[in-house]
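Engineer: Here it is, the structure in full.
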Amino acid sequence: MERYTITRFTTSMTVTVKNKTPLVVPLAVRRRAGLKSGQELEFKVSGGVISIHPKLPAADNEYTPEQRRIVDAELAEGLADIEAGRVHGPFSSHGEFIASLHKEARKLSRTKTKRSA
């Protein structure tokens with residue numbers, strides 16, 4: 001016999017575990033959790049409590065090889081900028097950040113040469 005309790009935020013159901021029948025997650029619970037057909041789930045057991053979570057994709061499967069090469073190249077470029085000192089900050093306030101921008105703008109305006117007419 002199944003017992004259903006549906007509240008505003010949670011869905012609680014009781015099912016009976018039987019020897020020859022697989023444990024079934026009721027449809028209302030699957031819908032409430034947003035589970036889709038064919039989705040992989042991860043089961044975790046701790047202290048007699050079973051937690052079911054959607055299995056997250058591995059980071060290696062998140063990008064195509066071409067996308068991974070682009071990301072790696074941009075990360076390498078950023079790290080090279082940090083090592084060469086071509087970064088500013090961190091700033092403790094927005095005022096400090098704005099002052100740094102103005103300072104860099106003054107430097108750039110001094111280095112520009114005037115165009116001859």
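Each value in this text was obtained by applying a stated rule to the coordinates, not by laboratory testing. Small disclaimer: the values here were computed from a predicted structure and weren't measured. Here Cβ is always computed from backbone atoms with ideal geometry, including for glycine, and neighbour counts include all displayed protein chains.
Engineer: Aspartates and glutamates near residue 36 by alpha-carbon distance under 13 Å, same-chain residues fewer than 8 away left out - which ones?
Structural biologist: Cα-Cα hits under 13 Å: none found.
Engineer: Two decimals is fine: what is log10 I(q)/I(0) at q = 0.15 Å⁻¹ for the stretch 13-117, from a Debye sum with one equal scatterer on every Cα and no solvent?
Structural biologist: The Cα Debye sum returns log10 ratios of -0.91.
Engineer: Still on this model: With unit charges on the beta carbon (Lys/Arg positive, Asp/Glu negative), name the residue among 58, 37, 71 whose Cα is farthest towards the positive pole of the charge dipole of the stretch 27-80.
Structural biologist: Of the options given, the answer is 37.
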